Amino acid sequence: MLVWPYRRRLMLSVVFGLVAASLWSFELLLTFPITIMFGEHSTLANYVAHEKSATIIAIEARKRQLDNLDATLQLYPENGERRRLSERVVVIKDQQRQQVELEVYTSKLWLLTWVESVVIRNLPDDPFRMFALLFGLILLVTFAKGAAGYFQDVLAGGVAESVVIDLRQQMFRSVLRLDPQTVSLQGPSNWLTDLTYSLQQLAAGMTELGGRVVREPFKAIACLAALFYFNWQLTLGFLLFMPLLGALFHWLGQRLKRAANRVVDSMGRIYRNLEETLQNSKAVIAFDQAGHHRRKFHRENKSFYEHAMRLVQIDAMSGPVSELLVMVAASAVLLPAAFLVLRNTTSIWNIPLASSPPTFPELALFYVLLAGVLEPVRKFSKFYNTIRFSTAIAERLFERIDCPSLVQTPQAPQILSTVSRDIEFRDVDFEYARQTQGQGDRGLVLDGLNLKIAIGETVAIVGPNGSGKSTLVNLLPRFYDPKRGKILFDGIDLKDARLRDIREQVAIVPQETVLFDDTILENIRYGRPTAADEEVLFAARRGHVLAFTDAMPLGLLTPVGEQGKQLSGGQKQRIALARAILRDPPILILDEPTSAIDAHSEHLIYSSLRDFACGRTTILITHCLTPVLLEFLTRIVVLDRGQVVATGSHDELLQTSLVYQRLWLAQTQRFAA
């Protein structure tokens, strides 16, 4: 539970909320003596004395009535005839009612006696001084209530912010444990939306609520408790309308939840639009498509506005509707209360609604306490919308956190030592999951593929576009799992091994070099974070990184900028190779490492690779088989339509493979041009 680490702060916040709510009801109760002074032009001492006398008279009347009922009960024996028994039951019920009223009046007499002997004795006799005292007490209670509310808001707000921070960390950990295909299926822009906009909205909602969501219900409960003490019958009538209010909140909450999800989804599309436009700004400018992207962004922005306005409409509707319903409930109680005061009676249509005829000050107090209930309920109608909105976002975030990865570590993994024999693809079928961005529904990318690579081999994988080359090597570090078949390291299925054991043995130099906004030194050290500076320097030298950093004022401490924008393509690829060299893996994968660099950088990379490939398994995807590369290749594997169609040396494939012949001819013609 996210709030459990902060339970002490939360409980302390609840305590301050209870204090604030109690002071709120006490503040309202202080209007009662003021009403007595100005409404009936009487002092508190006279009022208490009058009420005490009336209570004593009522007690004596109940006692006499009980004595009469006891005498009447003797006329109806328990074993009498049925008619007499029914009359006996009526008498017993009346006796029980009189006994309850006697207990009520006895409690009231005890309270009045205590007030007279303890409170009234210490109050001033002068009415103005008494009013000044009450007014000062109200100010003191207001200050104490405000202080309690302040501490509650600070504590509850701190808990809310801490929970949001923990939630953000959990979401980030969840992203890091997912495989690339799952992240792609979920949509990177959707993850970005939830990590930024959704969490921001949740934090704002929880902070706004703070302690109010606790304090306001407590205030209403405290006032209800006072109302029950003064007149439980009328208070019960007021509560009969509360189920209607609850049904209204539920109805609005369901609609608000759906509207909130639409708002977040719409913001996700805006993020996606921004991401595409900013990442491809050169293409946008080159093809003069700024107008197209502007119109597309306008449509998404307008869609967000429409969904947000729906949310605003639901929120705006909740206040007036709930307030109207609450006022109807209040009117249904205040009208009978006024009738009892004006007619000086205790019942309406023979329905008892009070133990004694209420006075004007009691009616005024009842009205004030009822207002003390209505105000928190009115505020809570707004808070409830915020709660439902925050709940909808929280449910969405927890779905992200609980999102299962398509690549799972087995419950009882086999121990996978350093690969010492071979790597085998056995009857491997693979297709990308639907809705994967950039892949679409391509069907089988690999179809019954079989391939065995001995340890220490340097293998080039070639083939037409879409033949499955990159997919093949992405299966080795278990970025994906095959739909059917097995991938084996020394006979152990990768699905039966720990992900960490697999990935510790593999290093990848991708086609699009991934650099982080840090120094060149730290980008190389990313391959092995525990490496010393001397080891990083050695890897940089072997990767020919020093050839260009020596000319930089800061050398290896030069920042590369966001996504390495301060460096050329060749420089970035050499850093990526140095990173792989530092990792020193048994298996090295290079995916088109020279596709977007100059001839000089290509020569340096292949020179480094020739030395580094010795003693390890190297798998190279390429469209360009240069003489330097052919010198140290063990063999070439040709893929077409997801299958291995040929394998052998360069000369052998030129004689036996039509696919390879076409690839070589296309390369030769490109160089000749």
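The values are calculated or read from the model by the stated rules, or taken from the named source; none is laboratory data. Everything numeric in this text was worked out from a predicted model, so none of it was measured. Positions of Cβ are generated from backbone atoms using ideal geometry, with glycine treated the same way; all protein chains shown enter the neighbour counts.
Quick notes on this structure:
- When the test is whether a residue is surrounded by 16 or more Cβ atoms within 10 Å (Cβ to Cβ) and at negative phi, A578 passes it.
- Some residue of region 261-284 being surrounded by 15 or more Cβ atoms within 10 Å (Cβ to Cβ), part of a helix (DSSP H, G or I) and touching a Pro at 6+ places or on another chain (Cβ under 6 Å): no
- Scanning region 1-33 for residues being under 29 Å from the mean Cα position of the chain (by Cα), of a type outside the set (F, W, Y) and outside any loop (DSSP other than H, G, I, E, B) gives a total of 12.
- Taken together, S184, S117, S174 contain a single residue that is part of a helix (DSSP H, G or I) and touching a Cys at 6+ places or on another chain (Cβ under 7 Å), which is S174.
- Only residues that are surrounded by 20 or more Cβ atoms within 10 Å (Cβ to Cβ) and touching a Ser or Thr at 6+ places or on another chain (Cβ under 6 Å) were counted in region 606-639, giving 5.
- Count of region 231-253 residues, restricted to those that are polar (S, T, N, Q) and either in a helix (DSSP H, G or I) or in contact with a His (Cβ under 6 Å, 6 or more places away or on another chain) (or both), is 2.
- Residue in region 397-408 that is free of Cβ contacts under 8 Å to residues at least 40 places away in the same chain and not in a loop (DSSP other than H, G, I, E, B) present: yes
- Which listed residue, of T594, T626, T668, is in contact with a helix residue (DSSP H, G or I) (Cβ under 6 Å, 6 or more places away or on another chain) and over 25 Å from D422 (Cβ atoms): T594
- E362 being crowded, with 19+ Cβ neighbours inside 10 Å, out of contact with any Ser or Thr (no Cβ under 8 Å at 6 or more places or on another chain) and among the acidic types (D, E): yes
- Residues being among the aromatic types (F, W, Y), within 22 Å of A54 (Cβ to Cβ) and exposed (fewer than 12 other Cβ atoms within 10 Å of the Cβ) - total across region 100-129: 2
- Considering A354, A308, the condition of being surrounded by fewer than 17 Cβ atoms within 10 Å (Cβ to Cβ), at negative phi and among the small types (G, A, S) is satisfied by A308 alone.
- Residue match in region 304-316 (condition: over 32 Å from the mean Cα position of the chain (by Cα), modelled with pLDDT under 85 and charged (D, E, K, R)): no
- When region 325-380 is limited to residues that are of a type in the set (K, R) and more than 22 Å from I36 (Cβ to Cβ), the one that is nearest to the chain's Cα centre (by Cα) turns out to be K379.
- Counting only helices (runs of 4 or more DSSP H) that fall entirely inside region 497-597 and contain at least 3 residues that are of a type outside the set (A, V, I, L, M) and not assigned by TED's automatic domain parsing to the domain that holds R616, the qualifying elements are 520-525, 533-542, 569-583.
- Scanning region 619-636 finds one or more residues that are over 52 Å from the mean Cα position of the chain (by Cα), within 22 Å of Q505 (Cα to Cα) and in a loop (DSSP other than H, G, I, E, B).
- Annotation: of all residues in region 248-280 being modelled with pLDDT of 85 or more and among the small types (G, A, S), the one that is farthest from Q200 (Cα to Cα) is A259.
- Residue, farthest from the chain's Cα centre (by Cα), within region 130-164, restricted to residues that are surrounded by 20 or more Cβ atoms within 10 Å (Cβ to Cβ) and within 13 Å of R215 (Cα to Cα): K145
- Some residue of region 56-74 being modelled with pLDDT under 80 and over 46 Å from the mean Cα position of the chain (by Cα): yes
- Residue match in region 218-227 (condition: over 30 Å from A338 (Cα atoms), of a type outside the set (S, T, N, Q) and part of a helix (DSSP H, G or I)): no
- Evaluation of A204 against the conditions (1) closer than 16 Å to S390 by Cα; (2) surrounded by fewer than 17 Cβ atoms within 10 Å (Cβ to Cβ); (3) modelled with pLDDT of 80 or more shows that the sole unmet condition is (3).
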